[in-house]
Amino acid sequence: MDYLLTLLIFFPLVGAILAIGIKENLKAYAVIIGLIELGLALLLWNSFDKSADGFQFVTSFPLVMNFGISYLVGVDGVTLFLIVLSAFISLIGFIYLNEKQETKKLIISLLCLESIMIGVFCALDMILFYIFWELSLVPMLYIIGAWGSGSRIYAAVKFFLYTFLGSMIMLVGILFLAYYYFNVSGVWTFSLLEWYSLSAIPKNLQMWLFVAFFCGLAVKVPMFPFHTWLPYAHGQAPTIGSIILAAVLLKMGTYGFVRFSLPLFPDASVALLMPVAILSLIMIIYGAMVAFAQEDIKQVVAYSSISHMGVIMIGIFALNVEGISGSVFFMLSHGIISGALFMLVGMIYERRHTKLIAEFGGIAKVMPNYAAIFGIMMMASAGLPLTMGFVGEFLSLLGFFQISPLLTGIAGISIIVGAIYMLNLYRKTFYGQLSNEENLKLQDLNQREWVALLPLVAIVIWLGIYPKPILEPINKGVENMLAVMYSRAITPESQSFFGMDLSQLMESSQGEDVSSTQSLEGLDDNKTLKSTQETLQEEGR
């Protein structure tokens, strides 16, 4: 088990290399690789200790010793299910590929992208993380530019430039933070675990570093006003590209806020809570309103994605267990639901070669199974109770309600607009008169499409009814992260903010009152942080 994460990261890459020599049955080969990778991800889930603190399955060896750069990977409750999501969505994507898309270069690109995505979520060395982060641009750039439609080159270049420029600013922040650590400790390191144990960073420096990380992460989310690349990328990308982009790649940005920005810069996170929340609220309202005005089915789903990512961001900056846990769960649910919706749009496009809403109407009469599954996913996207979409959305807003009931109420009202535009889309597309003769010839779901869609439907309903298997490990990871934030906060406002919340979560988990001092003692019991501190002391001596 010591090298399970390494196997998860590099197995798809090895599969991509071996695919170069395969000439036939490439789709079957990709599905087999995807099944094995998903099996490894499920083994990771089964072996994960839900009660343990800190990171698990940690593997480390030096790469550039003089600068403290190492191969350091690990997983906690926050990243566990993002890894499973990456493996699952990749497998569904391989199953969905039809014969026309079954090209060697596309499958190699998808396998490489799967390997890179899992690497992003596992990396605990900041240089290793940044390498995976930047490498994710290359396969997606190629997928959009080579297999997209319309202005695909423009969409691909815009996607690349936005995300690359934002990442360069984040790199400056990473390098400066490593330099600051060196000045404090006399040791060069890019280990996130050691940065977590770093003595408090002055608030003004935290603010600048937070902004540097924000530039790289906000573009990937994408937050307003850095969002303009997303509708182009979704609109021109092939269906498989849109599925992976919406389901996994966007989550890299929100994951970065949870893993890096919040625990590394707790005082800046508290100080900038409301500005980020307002930007997120603009995302929710703007995305919902623009989605309502769209005439293209795929653009409705794309702008809907922007709106839902705003809800995730609001939950993250609630800075409490309910909000952050709900946001991480919402990352998973949004990945499943948006991936399914883009797949459904791709299925109708393959049949009619158009995505305009006006070209349809009444197609539920000729495609009843397709209409039923689209309806389930549409209602899950709107946050219908007993679906996976409701759980994360509710918890995210519940967490932020403790910060601002007014902004939470506005966000809740704008989500109602989301239900309106999704129902409006469904009414115009599936009901009414079947007046277009071309729609009379539409075929319902085939076997390949059933196999790709049924697992998504089952997960959406199962985790909507019983989310505990997912939420329990997530809660533990979030509690550990909040403990790190509390231990590193230096301003009275931040200490008060985190102290009250941490005491509440300790009371619920231990059944007794825990003071701020006891909370810090509990943090010292974390084996990872304690061993890191001992190592630094030995090196200092």
### Query
Within segment 204-212, is there a residue that is open to solvent by 40 Å² or more (accessible area, probe 1.4 Å), over 21 Å from Gly346 (Cβ atoms) and of a type in the set (S, T, N, Q)?
yes
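Out of all the residues in segment 267-276, is one or more assigned to a loop (DSSP other than H, G, I, E, B), closer than 24 Å to Val211 by Cβ and open to solvent by 10 Å² or more (accessible area, probe 1.4 Å)? Can you show your working first?
Here is the first cut: in segment 267-276, the ones assigned to a loop (DSSP other than H, G, I, E, B) are 272.
Filter again for closer than 24 Å to Val211 by Cβ, leaving 272.
Subsequent filtering for residues that are open to solvent by 10 Å² or more (accessible area, probe 1.4 Å) retains 272.
Yes, because at least one residue in segment 267-276 is assigned to a loop (DSSP other than H, G, I, E, B), closer than 24 Å to Val211 by Cβ and open to solvent by 10 Å² or more (accessible area, probe 1.4 Å).
Assess whether Met65 counts as being open to solvent by 20 Å² or more (accessible area, probe 1.4 Å), over 30 Å from Ala146 (Cα atoms) and either in contact with a Lys or Arg (Cβ under 6 Å, 6 or more places away or on another chain) or touching a residue at least 24 places away in the same chain (Cβ under 8 Å) (or both).
Details: open to solvent by 20 Å² or more (accessible area, probe 1.4 Å): yes; over 30 Å from Ala146 (Cα atoms): yes; either in contact with a Lys or Arg (Cβ under 6 Å, 6 or more places away or on another chain) or touching a residue at least 24 places away in the same chain (Cβ under 8 Å) (or both): no.
For Met65, the condition - open to solvent by 20 Å² or more (accessible area, probe 1.4 Å), over 30 Å from Ala146 (Cα atoms) and either in contact with a Lys or Arg (Cβ under 6 Å, 6 or more places away or on another chain) or touching a residue at least 24 places away in the same chain (Cβ under 8 Å) (or both) - is not met.
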### Message
Which count do you get for residues in segment 471-480 that are open to solvent by 10 Å² or more (accessible area, probe 1.4 Å) and out of contact with any Asp or Glu (no Cβ under 7 Å at 6 or more places or on another chain)?
### Response
5
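Quickly run through segment 174-194 and pick out the residues that are part of a helix (DSSP H, G or I) and open to solvent by 10 Å² or more (accessible area, probe 1.4 Å). Write out each step before concluding.
Within segment 174-194, the subset part of a helix (DSSP H, G or I) is 174-185, 192-194.
Leu175, Phe176, Tyr179, Tyr180, Phe182, Asn183, Val184, Ser185, Leu193, Glu194 - these are the residues of segment 174-194 that are part of a helix (DSSP H, G or I) and open to solvent by 10 Å² or more (accessible area, probe 1.4 Å).
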### Query
With Ile107, Ile174, Ile169, Ile153 as the choices, which residue is farther than 19 Å from Cys215 by Cβ and within 23 Å of the chain's Cα centre (by Cα)?
Ile107
### Task
Would you please list the contacts, defined by Cβ atoms under 7 Å and residues six or more apart or on different chains, that run from a residue in segment 214-233 that is open to solvent by 10 Å² or more (accessible area, probe 1.4 Å) to a residue that is in a loop (DSSP other than H, G, I, E, B) and basic (Lys, Arg)?
none
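Kindly evaluate Tyr154 against the criterion of being buried (at least 16 other Cβ atoms within 10 Å of the Cβ) and assigned to a helix (DSSP H, G or I).
Working: buried (at least 16 other Cβ atoms within 10 Å of the Cβ): no; assigned to a helix (DSSP H, G or I): yes.
Answer is no for this residue.
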### Message
Just to check your reading of the model, which residue among Ala318, Ala302, Ala340, Ala288 is in a loop (DSSP other than H, G, I, E, B) and small (Gly, Ala, Ser)?
### Response
Ala318
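Select, from Leu171, Leu161, the only residue that is on the phi < 0 side of the Ramachandran plot, at pLDDT below 90 and part of a helix (DSSP H, G or I).
Details: Leu171 fails: at pLDDT below 90.
Answer to the check: Leu161.
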### Task
Name, by its number, the condition in (1) more than 20 Å from Gly256 (Cβ to Cβ); (2) touching a residue at least 40 places away in the same chain (Cβ under 8 Å); (3) open to solvent by less than 30 Å² (accessible area, probe 1.4 Å); (4) not hydrophobic (A, V, I, L, M, F, W, C) that does not hold for Asp53.
(3)
### Query
Can you tell me which residues in segment 56-86 are aromatic (Phe, Trp, Tyr), in contact with a Phe, Trp or Tyr (Cβ under 7 Å, 6 or more places away or on another chain) and over 18 Å from Phe260 (Cα atoms)?
Phe61, Phe67
#### Entry: Per-region count, segment 331-371, residues over 29 Å from Val391 (Cα atoms) and open to solvent by 40 Å² or more (accessible area, probe 1.4 Å)
8
### Positions within segment 92-114 being closer than 22 Å to Trp450 by Cβ and modelled with pLDDT under 85, in sequence order
Asn98, Glu99, Lys100, Gln101, Glu102
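Give the residue that is most open to solvent (accessible area, probe 1.4 Å), with candidates limited to residues of segment 21-50 that are farther than 26 Å from Ile108 by Cα and not hydrophobic (A, V, I, L, M, F, W, C). So that I can check it myself, show each step before the final result.
Applying the first criterion (farther than 26 Å from Ile108 by Cα) to segment 21-50 yields 45-50.
Adding the requirement that they be not hydrophobic (A, V, I, L, M, F, W, C) leaves 46-47, 49-50.
Numbers: Asn46: 127, Ser47: 43, Asp49: 70, Lys50: 102 Å².
The selected residue is Asn46.
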### Summary
Taking segment 418-459 and keeping only residues that are open to solvent by 50 Å² or more (accessible area, probe 1.4 Å) and of a type in the set (D, E, K, R), one is left with Arg427, Lys428, Glu437, Glu438, Lys441
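The values are calculated or read from the model by the stated rules, or taken from the named source; none is laboratory data. Small disclaimer: the values here were computed from a predicted structure and weren't measured. Because the Cβ atoms are built from the backbone with ideal geometry, glycine has one as well, and the counts that use them run over all protein chains shown. Please note that ligands, DNA and RNA were not included when accessible areas were found on the heavy atoms of the full protein model with its side chains. Shrake-Rupley method; radii C 1.70, N 1.55, O 1.52, S 1.80 Å.
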